Amino acid sequence: MIEYFERLLQNDAESKSKDDVSSICKSLDLQGSIECGATVLAGKDFGGIHSVKPFALIRPSSPDDVARVVKAVSRSSNLTVAARGNGHSINGQSMADRGLIVDMRSMGDDHFEVVGSHCVDVSGGALWEDVLKRCVLEYGLAPRSWTDYLGLTVGGTLSNAGVSGQAFRFGPQTSNVTELEVVTGKGDVLTCTESENSELFFGVLGGLGQFGIITRARVLLESAPDMVRWIRVVYTEFEEFSRDIELLVSREDDSFDYVEGFVFVNSDDQINGWPSVPMDPAQRFDQNRIPGTAGSVLYCLEVALHYKNGGDPSIVDTIVRKLLGGLGFVEELKFQVDVSYMGFLLRVKRAEEDAKANGMWEDCPHPWLNLFVSKRDIADFDHMVFKNILKRGVGGPMLVYPLLRNKWDNRTSVVIPEGELFYIVALLRFPPLGPKGPEVEKMIAQNHEIIKCCSKKGIDFKQYLPHYQSHEEWKRHFGNQWTRFVERKASFDPMAILAPGQKIFTRTPQP
Ligand SMILES: Cc1cc2nc3c(=O)[nH]c(=O)nc-3n(C[C@H](O)[C@H](O)[C@H](O)COP(=O)(O)OP(=O)(O)OC[C@H]3O[C@@H](n4cnc5c(N)ncnc54)[C@H](O)[C@@H]3O)c2cc1C
């Protein structure tokens, strides 16, 4: 098998016959399958900016299959291998140019077992939306910490962090797993926890796929609510918005169950402006309520409260009134709906369906930028970025909400700014339909401008889902965690065969 791929490395135009494919399968002795050549899917990602040509797409059917592939690759002179979750990276992180792709979705249903009353074992390749459905419908339970969009894999988000409006209380998804099964870059299949193979456990969490492939995760659960009161209120001043949202997240247990925020343009623009706030077609944003002092952008606090069916609805009203009481939003600009818990968690799926229908999901590039910005600098960031560079919006949501450092375990590989409180900023760009090239280039240039301005101003920030071109930039990103990251790499993937699309390490050639 290895000779075959190495011949391809020398001449990848070589035609790949069915016989070749079956001989590879035989030599690897996989239970799963290998697809050579026709690997278009694996050569691109959601970002749609980069594309590469992998040699093969492997659909493993067990961790043992994954281990066989990794071992075979490590015996080659310079092949690499990337686990592909759902390919929702932006900058080619899930790709392997002239390497092998392991499609983790093929093992998505391998595990589903509720363990005790508080945990579920799921596959690394499972989609979070499937985990949600099975946990809620079969057990009345649910994971505690989510991402906004659930068409992502368990292994993919755990390799980054996994953040949404529950993270202020429970931390990111990386703080909500107690055990992992991992295939390391040496091809060893290991179980790891906080106390067993702990360096691997913490390394893999937020490890950008660098130390191993997650084949199973044990995820913490809570009792699932039935319903959610979902509320949006509007602010004109960033100072008031940030004061209130920080107050809500610092109250932790005595707060809403979900707290997020976003910035929108003070205009009637359908996508970037006032119409992006109401949650129901029957609701209308009355712009006459916006004080004349408001600037180019406005802020929306988005919160949600869980409740059970059969409870007294007036209790929900009372709690909401108490939690919102004293906050400084514009009184008349308040929107709310009551939805099922699953409907709430699957809210972005509806946006996905609309975007798919409009050709804005798979068919267009998404030059997204995600940052963590320290509380110390978020007001400067607002002034420089939201009020100026992005005052016309990004063609999609601009999320901004705070997270608490004490909910993030500093033994994981995730990198966050200094200080007890920092904000996630997510610029979820959708280029306008029409001629693509220049608009997308402009968006990418704007991302660079934002990063450049932040660096120049000395803003304490880190990229989330990071993407860098040079070794020096990666070193700077990890800062004082760089040595630990490099040591973990040397221990678990010494030849640097895993997740080459992150472009952190270069494959060590076989002597
Ligand atoms: C529409 C959309 C909404 C999003 N919303 C959120 C959000 O609310 N919160 C948030 O935190 N993030 C969000 N993300 C970002 C998301 O966390 C990343 O895209 C992440 O990469 C997960 O996607 P994936 O499962 O498709 O993994 P992929 O993109 O396929 O992989 C990402 C990286 O992880 C590695 N990897 C994948 N699977 C494994 C595995 N089993 N073991 C080890 N390494 C693996 C890959 O090699 C690659 O390096 C969103 C992305 C999109 C496109």
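Laboratory data are not the source of any read-out in this text; all were calculated from the coordinates shown. Predicted model, so just to flag it, every value in this text is computed and none were measured. So basically every Cβ, Gly included, is an ideal-geometry build from the backbone, and we count neighbours across all protein chains shown.
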Inset, instruction - Would you mind computing, in nm to one decimal, how far apart the modelled labels at ALA379 and SER51 are, each placed 7 Å from Cα along Cα→Cβ? - result: 4.8 nm
Legend entry - Taking ASP226, ASP130, ASP493 and counting other C-beta atoms within 10 Å, the order from fewest to most: ASP226, ASP130, ASP493
Inset, instruction - Round to the nearest 0.05 the FRET efficiency obtained for SER195 and GLU332 when R0 = 56 Å and r is the Cβ-Cβ distance. - result: 0.55
Legend entry - Extension gain (nm, one decimal) between GLN463 and ASP109, 0.36 nm per residue minus Cα-Cα: 124.2 nm
Inset, instruction - May I ask which residue of THR193, ILE214, GLY203 lies farthest towards the positive end of the charge dipole of region 107-223, with charges of +1 (Lys, Arg) and -1 (Asp, Glu) on Cβ and the Cα centre as origin? - result: GLY203
Inset, instruction - Considering the convex hull of the alpha carbon atoms of the chain, report its projected area averaged over all viewing directions, in nm², one decimal. - result: 24.1 nm²
Inset, instruction - With both partners inside the chain, how many of the DSSP beta bridges are antiparallel, as a percent to the nearest 5? - result: 90 percent
Legend entry - C-alpha long axis of helix 482-492 to longest principal axis of the chain, angle in °: 40 degrees
Inset, instruction - With only Lys, Arg, Asp and Glu charged, each at its Cβ (+1 for the first two, -1 for the last two), find how big the charge dipole of region 227-463 is about the Cα centre; round to the nearest 20 debye. - result: 420 debye
Inset, instruction - Based on other C-beta atoms within 10 Å, arrange THR293, THR508, THR215 from fewest to most. - result: THR293, THR508, THR215
Inset, instruction - Determine which residues of region 241-257 fall in the zone a paramagnetic label at LYS387 would reach in this model, i.e. backbone nitrogen under 19 Å from the point 7 Å along Cα→Cβ. - result: 241-246
Inset, instruction - In nm, give the distance between the simple-model label positions of LYS456 and ALA294, each being 7 Å from the Cα along the Cα-to-Cβ direction. - result: 3.1 nm
Legend entry - Whole-Hz couplings from phi, Karplus 6.51/-1.76/1.60, listed for region 413-425; x for Gly and Pro: 8, 5, 10, 10, x, 6, x, 6, 9, 9, 9, 8, 10
Inset, instruction - For region 107-223, take the alpha-carbon Rg, divide it by the Kirkwood Rh, and send me Rg/Rh. - result: 0.94
Inset, instruction - Rank-order 134-140, 282-288 by packing density, defined as the average count of other C-beta atoms within 10 Å over each peptide's residues, highest first. - result: 134-140, 282-288
Legend entry - Protection proxy ranking of 366-372, 258-264, 328-334, 272-278 - average other beta-carbon atoms within 10 Å, highest first: 258-264, 366-372, 272-278, 328-334
Legend entry - Total formal charge among the other residues, if their Cβ is under 10 angstrom from that of GLY92, Lys/Arg +1 and Asp/Glu -1: 0
Legend entry - Dipole of the chain [Lys/Arg +1, Asp/Glu -1 at C-beta], most positive-end residue of SER314, LEU79, GLY151: LEU79
Inset, instruction - Please list, in chain and number order, the residues 5+ apart from SER164 or on another chain whose amide H is under 5 Å from its amide H, with Hs placed from the backbone. - result: TRP146
Inset, instruction - Would you mind checking region 34-53 for residues with the amide N under 14 Å from a putative spin-label position 7 Å along Cα→C-beta of ASP363? - result: none
Inset, instruction - Lys and Arg at +1, Asp and Glu at -1: add these up for the other residues within a Cβ distance under 10 Å of VAL265 and post the number. - result: 0
Inset, instruction - Mind ranking 335-347, 91-103 by how tightly packed they are, going by the mean number of other C-beta atoms within 10 angstrom, highest first? - result: 91-103, 335-347
Legend entry - Positive minus negative residues near GLY203 (Lys, Arg vs Asp, Glu; Cβ under 14 Å): -2
Inset, instruction - Read phi for every residue in region 347-354 and hand back ³J(HN,Hα) as whole Hz from Karplus 6.51 cos²θ - 1.76 cosθ + 1.60, θ = phi - 60°, with x for Gly and Pro. - result: 4, 6, 4, 5, 5, 4, 4, 4
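Please report, in debye to the nearest 20, how large the charge dipole of the chain is about its Cα centre when each Lys and Arg carries +1 at its beta carbon and each Asp and Glu carries -1 there.
That gives the chain a dipole magnitude of about 1040 debye.
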